[in-house]
Amino acid sequence: MKKTLSMLAVAAVISAATPAFASEAEVPPHQKWPHQGVFGTYDKAALQRGFQVYKEVCAACHSMKLLSYRDLTQLGYTPEQVKTVAAEYQIPDGPNDEGEMFERPGRPADRFHSPFPNDKAARAANGGALPPDMSLLSKAREHGDDYIYSILTGYEEKPAGFDLMPGLNYNKYFAGHQIAMAKPLNEGQVTYTDGTANTLEQQARDVTQFLAWASEPHMEQRKGMGLKVMIFMLAFCGIMVAAKRKLWADIH
Amino acid sequence: MAHFGENKNFSNPVVNWIDNRLPIFTMLIKEYGVFPMPRNVNYMWSFGGIAMTMLGIMILTGIMMAMNYTPHTTLAFDSVERTMRDVNFGWLLRYIHMNGASFFFIAVYIHIARGLFYGSYKKPRELLWMFGVVILLLMMATAFMGYALPWSQMSGWGVTVITSMFSAIPLVGDGLVTWLWGGFSVDNPTLNRFYALHFLLPFVILGVVFIHVWALHVTGSNNPTGVEPKTPADTVPFAPYVSTKDSVALVFFLTIFLGVVFFYPLALTEVDHFRKFDPMQTPAHIVPEWYFLPFYAILRAFTMDITIPFTTVVLLPAKLQGVLAMFGSIILLVFLPWLDRNPVKSGRFRPVFKWCIWLLFVDFFVLMYSGAKPPEGLPLIMGQLGTLYYFVLFLVILPVLSFKEKNLPVPASISADPGCCKKH
Amino acid sequence: MDSTKDGANRREFLYLTAGAMAAVGAGTSVWPLVDSMNPAADTLAMASTEVDISKIEAGQTIMAVWRGKPVFIHRRPMNEVTEIRTEDWKTLRDPQSDEDRVQKGHDEWLVLVGVCTHLGCIPMGSKMGQPKGDFGGWFCPCHGSHYDKSGRIRKGPAPKNLAVPAYTFVTDTLLRIG
């Protein structure tokens, strides 16, 4: 029989010392977002600032594999600006005519550059924890945008008596309160090109909105079309009811 | 359906030429034109047609999405996201297909509830009803396999949990699960076969729907009185009367459906459906889609092994009980025409049955709630009581009511019913 | 008369035989279709996995992958082993002694297929911070099955103990599963 020596696995560590499942996380408080509701649209300026936060902070560990640089034109960037952004990254390509893999500057059609070549490398560089891909983060978390915002602003000193595992951080809104990600955003971390005050809350709000757009880039098109469809359908409903009443009136 | 040799004469020579060789126009006029419908059918009778429309919508959007889908564990999730992001109107196709499944089930559940309340399963419509149950089972299988295709956390773990049920079967169970999976875990062979079957089954459903409608057109439709039409005064032609009425219901239904598609497309799904399947990590809280929740609650209602008294020898393990009960809860519907033998069809004239059926509808939602919660404490008890009522109703109450119930007087004909034919 | 009857008999015999052969032919031709859905040769070839266990400390669990399923490799502190062996196991749902679930001489090593015997979810309890259930072993989040420190089912809907895969110690620090 053919034996495969696959030293897959590992990743999981320990147990004994940890107390039973720590208390449930707090429910993230509800925030008001411009893209909420039937008529909500994205705030493009916030999306651009959010992209800047992603690019300068989050992108060090988090990939966004489902996005391409060309998508950034939706944030209001010109194709020229997108070209410049893409060219800042070295994208693996190949093989070339010599059969070698090589790197080249990114183009708008390329997917976002990932910080790690694969999940194993990402774990190895982050103490065993895998920074999740953020392309769909808003849709893949309970409470979506509110949750992301709360995590970013929910770092606190651990309460007295809380048994925090080494290498982890205390976060009010994280299940079990022990999160591997160190506090990513601080007051004044990103200097906005549009001069907006870079408070922690502002940066968290901006990047949250950017992530909301990333997970649902067609939202504005969807709602705009939906409105027209609804008007059409309601008129159609009215016509159908009138037609039916007229028809059935004869036989009663 | 078509009665050959009774061709009508059409003024259009082309139509006439075709009809003399294949009497399709004669058939259409007979079955969808002059076809007699009880004149008192209410809007509950529109949901069969609505369900058929949903099937059509699902097949159309499904085929368009299949053109952009890659059935491979490493590519499936991304190919669905590519549909969402890059394919023209791909997001619309997917949101219609995703929510369409839910609305298909809404239509079918209302259709079934109407059949239950008005006794549409009784003679002479037993076979019509039984084919309906077959359609329900096929729909469930199709929906389950479709849910697997994006290969998300919910997909992978849903497949694992549901297919693992078959391991409850004594002796052959484990082998059967390996056969279903095509391997020792839920993996690429599983995804491939689910894709093939998810593509195939809707057309099987279409075939059974054809038989279902054929059987309907032999007996004609039931109506709120449960009294079969006796004279032409009891009926109206299907077109334009009932077809227009059905269209009203359909347009309203589609309006609500599209409202959800465009404005709340994620209302009926789970966040873990947007995370890639990780076979090494089960999400903390997995639940099936809402339309499976009542049956899921029945599955989980059984927590105690049945043993030979005074020993520890297990006769029927809790797991097997749950699996049998879950499948049994749908299979027993096949036998409903013989479980309820009361000669009166409509719940309107059966004072006890009426309330028992209403309680069943409430029970359905109680079970749905229970199925959505972790199986402990109050939700578990609700699930157990709900399961108890479900089986007691069908296996005890309905057979007893068949003979013991004091029915109200039934009108002599549809047009003699005071509830019929009032101004709308 | 006789010859006609004889002819009728022969005809019936031939019809029956033809029908039987058609049934056998149809039946056997179904088998390749059914069997094609069983695990293929490449799937079967993924039969064994070797794991380095030298870095696992007492109290730790690692997860290895074997045939696409997780395998828990748990190194138990010896006092825990002694403790669990004093418990009465004969009344458990799936009665099995702890000694039968590990290899002699390697009593601290518990190797389990990390798949709940109820409906196939992966029980929690191997990773830091995860709930370990009422019996300090594993807890399945899907339908609430509790397993003890020997991986035996103690509470909840699962019918059987967590399975122990076939494994051998190639050396004291190398484990071969399968």
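The values are calculated or read from the model by the stated rules, or taken from the named source; none is laboratory data. Just so we're clear, the structure is a prediction, and the values are computed from it rather than from any experiment. Cβ sites come from the backbone with ideal geometry, for glycine too, and all protein chains shown count toward neighbours. For accessibility, only protein heavy atoms count, side chains too; no ligands or nucleic acids. Shrake-Rupley method; radii C 1.70, N 1.55, O 1.52, S 1.80 Å.
Return a yes/no flag: does the range B:29-39 have any residue that is modelled with pLDDT under 95, more than 20 Å from the chain's Cα centre (by Cα), surrounded by fewer than 19 Cβ atoms within 10 Å (Cβ to Cβ) and of a type in the set (Lys, Arg).
Yes, the conditions are met somewhere in the range B:29-39.
How many residues does the range B:55-69 contain that are surrounded by 16 or more Cβ atoms within 10 Å (Cβ to Cβ) and without any contact (Cβ under 8 Å) to a residue 60 or more places away in the chain?
Counting residues in the range B:55-69 that are surrounded by 16 or more Cβ atoms within 10 Å (Cβ to Cβ) and without any contact (Cβ under 8 Å) to a residue 60 or more places away in the chain gives 5.
Residue-wise test of (1) closer than 21 Å to B:VAL172 by Cα; (2) in a helix (DSSP H, G or I); (3) in contact with a Lys or Arg (Cβ under 9 Å, 6 or more places away or on another chain).
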{"position": "B:LEU324", "(1), (2), (3)": "yes, yes, no"}
{"position": "B:PHE327", "(1), (2), (3)": "yes, yes, no"}
{"position": "B:LEU332", "(1), (2), (3)": "no, yes, no"}
{"position": "B:PHE335", "(1), (2), (3)": "no, yes, no"}
{"position": "B:ARG341", "(1), (2), (3)": "no, no, yes"}
{"position": "B:VAL344", "(1), (2), (3)": "no, no, yes"}
{"position": "B:TRP355", "(1), (2), (3)": "no, yes, no"}
{"position": "B:ASP363", "(1), (2), (3)": "no, yes, no"}
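Could you figure out which of (1) in contact with a Gly (Cβ under 6 Å, 6 or more places away or on another chain); (2) open to solvent by 60 Å² or more (accessible area, probe 1.4 Å) isn't true of C:ASP100?
Single failed check for C:ASP100: (1).
Using the structure shown, decide if B:PRO189 is touching a Gly at 6+ places or on another chain (Cβ under 9 Å) and either assigned to a helix (DSSP H, G or I) or modelled with pLDDT under 95 (or both). Even if it seems obvious, please write down each step before you answer.
Details: touching a Gly at 6+ places or on another chain (Cβ under 9 Å): yes; either assigned to a helix (DSSP H, G or I) or modelled with pLDDT under 95 (or both): yes.
Yes; evaluated as a whole, the condition is true for this residue.
Give me the residue from the range C:63-90 that is of a type in the set (A, V, I, L, M) and in contact (Cβ under 8 Å) with a residue 24 or more places away in the chain and, out of that set, most open to solvent (accessible area, probe 1.4 Å). Step through it out loud before you land on a result.
Looking only at the range C:63-90, we keep the residues that are of a type in the set (A, V, I, L, M), and these are C:63-65, C:71, C:73, C:78, C:81, C:84.
After this cut, where a residue has to be in contact (Cβ under 8 Å) with a residue 24 or more places away in the chain as well, the list is C:63-64, C:71, C:73, C:78, C:81, C:84.
Working: C:MET63: 20, C:ALA64: 1, C:VAL71: 0, C:ILE73: 0, C:MET78: 103, C:VAL81: 4, C:ILE84: 11 Å².
Looking at residues that are of a type in the set (A, V, I, L, M) and in contact (Cβ under 8 Å) with a residue 24 or more places away in the chain, I get C:MET78.
C:ARG93 versus (1) touching a residue at least 60 places away in the same chain (Cβ under 8 Å); (2) open to solvent by less than 60 Å² (accessible area, probe 1.4 Å); (3) in a loop (DSSP other than H, G, I, E, B); (4) not small (Gly, Ala, Ser): which is the lone unmet condition?
Tallying (1) touching a residue at least 60 places away in the same chain (Cβ under 8 Å); (2) open to solvent by less than 60 Å² (accessible area, probe 1.4 Å); (3) in a loop (DSSP other than H, G, I, E, B); (4) not small (Gly, Ala, Ser), C:ARG93 fails exactly one: (2).
Among the listed residues B:SER402, B:SER370, identify the single one that is touching a Gly at 6+ places or on another chain (Cβ under 6 Å), over 30 Å from B:LYS245 (Cβ atoms) and touching a residue at least 24 places away in the same chain (Cβ under 8 Å). Give the derivation first.
On the way: B:SER402 fails: touching a Gly at 6+ places or on another chain (Cβ under 6 Å).
Of the residues listed, the single one that is touching a Gly at 6+ places or on another chain (Cβ under 6 Å), over 30 Å from B:LYS245 (Cβ atoms) and touching a residue at least 24 places away in the same chain (Cβ under 8 Å) is B:SER370.
List pairs: first residue in the range B:163-188 and closer than 15 Å to C:ASP35 by Cβ, second residue assigned to a helix (DSSP H, G or I) and open to solvent by 40 Å² or more (accessible area, probe 1.4 Å) anywhere in the structure, Cβ distance under 6 angstrom, at least six positions apart or on different chains.
B:LEU176/B:PHE166; B:GLY182/B:PRO189; B:GLY183/B:PRO189
Pick from the range B:311-320 the residues that are assigned to a helix (DSSP H, G or I) and in contact (Cβ under 8 Å) with a residue 40 or more places away in the chain: which of them is surrounded by the most Cβ atoms within 10 Å (Cβ to Cβ)?
Initially, the range B:311-320 is screened for residues assigned to a helix (DSSP H, G or I), giving B:318-320.
Applying the additional criterion that residues be in contact (Cβ under 8 Å) with a residue 40 or more places away in the chain yields B:319-320.
On the way: B:LYS319: 26, B:LEU320: 21.
Step by step, filter the range B:311-320, then rank; the result is B:LYS319.
Suppose the filter is buried (at least 21 other Cβ atoms within 10 Å of the Cβ), out of contact with any helix residue (DSSP H, G or I) (no Cβ under 6 Å at 6 or more places or on another chain) and in a helix (DSSP H, G or I); does B:PHE104 pass it? Write out each step before concluding.
On the way: buried (at least 21 other Cβ atoms within 10 Å of the Cβ): yes; out of contact with any helix residue (DSSP H, G or I) (no Cβ under 6 Å at 6 or more places or on another chain): no; in a helix (DSSP H, G or I): yes.
No: the conditions fail for B:PHE104.
Given the criterion polar (S, T, N, Q) and closer than 20 Å to C:ALA45 by Cβ, identify the matching residue among B:SER185, B:SER155.
Going through B:SER185, B:SER155 in turn, just one is polar (S, T, N, Q) and closer than 20 Å to C:ALA45 by Cβ: B:SER185.
Just checking, which of C:ASP98, C:ASP94 is within 13 Å of another protein chain (Cβ to nearest Cβ) and either modelled with pLDDT under 85 or out of contact with any Cys (no Cβ under 8 Å at 6 or more places or on another chain) (or both)? Explain how you work it out, then say what you get.
Working: C:ASP98 fails: within 13 Å of another protein chain (Cβ to nearest Cβ).
None of the other options fit; the residue is C:ASP94.
Select from the range A:107-142 the residues that are part of a loop (DSSP other than H, G, I, E, B), open to solvent by 70 Å² or more (accessible area, probe 1.4 Å) and within 21 Å of A:THR73 (Cβ to Cβ) and list them in ascending order.
Just the residues of the range A:107-142 that are part of a loop (DSSP other than H, G, I, E, B), to begin with: A:107-110, A:112-118, A:126-142.
From what's left, open to solvent by 70 Å² or more (accessible area, probe 1.4 Å): A:107, A:109, A:117-118, A:127, A:142.
Once the filter is applied, which keeps residues that are part of a loop (DSSP other than H, G, I, E, B), open to solvent by 70 Å² or more (accessible area, probe 1.4 Å) and within 21 Å of A:THR73 (Cβ to Cβ), the range A:107-142 yields A:ARG107, A:ALA109.
Helices (runs of 4 or more DSSP H) wholly in the range B:1-70 with at least 3 residues that are under 30 Å from B:ASP417 (Cβ atoms) - which ones?
Details: elements: B:13-21, B:24-28, B:47-66.
By residue number, B:47-66.
Would you mind telling me which numbered condition in (1) within 14 Å of chain C (Cβ to nearest Cβ); (2) open to solvent by 20 Å² or more (accessible area, probe 1.4 Å) B:VAL323 fails?
Here B:VAL323 meets the rest and fails (2).
Do you know which residues across the range A:29-40 are open to solvent by 60 Å² or more (accessible area, probe 1.4 Å) and within 17 Å of the chain's Cα centre (by Cα)?
Scanning the range A:29-40 gives a single hit, A:GLN36.
Inside the range B:173-190, can you point out the residues that are at the interface with chain C (Cβ under 9 Å from one of its Cβ atoms), over 13 Å from C:GLY120 (Cα atoms) and hydroxyl-bearing (Ser, Thr, Tyr)?
Correct list: empty.
Please go through (1) open to solvent by less than 10 Å² (accessible area, probe 1.4 Å); (2) free of Cβ contacts under 8 Å to residues at least 24 places away in the same chain; (3) away from chain A (no Cβ under 14 Å) for C:CYS116 and return the number of the only condition it doesn't satisfy.
For C:CYS116, the exception is condition (2).
For the range C:158-171, name all the residues that are without any contact (Cβ under 8 Å) to a residue 40 or more places away in the chain and out of contact with any Lys or Arg (no Cβ under 6 Å at 6 or more places or on another chain). Before you say what the answer is, go through the steps one by one.
Looking only at the range C:158-171, we keep the residues that are without any contact (Cβ under 8 Å) to a residue 40 or more places away in the chain, and these are C:166, C:168, C:171.
Scanning the range C:158-171 gives C:ALA166, C:THR171.
Of everything in the range B:385-401, what is open to solvent by 60 Å² or more (accessible area, probe 1.4 Å) and within 23 Å of the chain's Cα centre (by Cα)? Give them in sequence order.
The first filter runs over the range B:385-401 and keeps only residues open to solvent by 60 Å² or more (accessible area, probe 1.4 Å), leaving B:385, B:388, B:395-396, B:400.
B:LEU388, B:LEU395 - these are the residues of the range B:385-401 that are open to solvent by 60 Å² or more (accessible area, probe 1.4 Å) and within 23 Å of the chain's Cα centre (by Cα).
Among (1) open to solvent by 60 Å² or more (accessible area, probe 1.4 Å); (2) free of Cβ contacts under 8 Å to residues at least 60 places away in the same chain, there is one condition C:GLU108 misses while meeting the rest; what is its number?
C:GLU108 satisfies every listed condition except (1).
Among the residues of the range C:9-59, which ones are farther than 27 Å from B:LEU180 by Cβ, open to solvent by less than 80 Å² (accessible area, probe 1.4 Å) and within 14 Å of chain A (Cβ to nearest Cβ)?
C:GLU50, C:VAL51, C:ASP52, C:ILE53, C:SER54, C:ILE56, C:ALA58, C:GLY59
Among A:GLN189, A:GLN209, which is the only one that is more than 30 Å from B:SER247 (Cβ to Cβ), open to solvent by less than 40 Å² (accessible area, probe 1.4 Å), more than 12 Å from chain B (Cβ to nearest Cβ) and within 24 Å of the chain's Cα centre (by Cα)?
On the way: A:GLN189 fails: open to solvent by less than 40 Å² (accessible area, probe 1.4 Å).
The unique qualifying residue is A:GLN209.
Is at least one residue of the range B:119-129 free of Cβ contacts under 8 Å to residues at least 40 places away in the same chain, assigned to a helix (DSSP H, G or I) and surrounded by 18 or more Cβ atoms within 10 Å (Cβ to Cβ)?
Residues of the range B:119-129 that are free of Cβ contacts under 8 Å to residues at least 40 places away in the same chain, as a first pass: none.
For the range B:119-129, residues free of Cβ contacts under 8 Å to residues at least 40 places away in the same chain, assigned to a helix (DSSP H, G or I) and surrounded by 18 or more Cβ atoms within 10 Å (Cβ to Cβ): absent.
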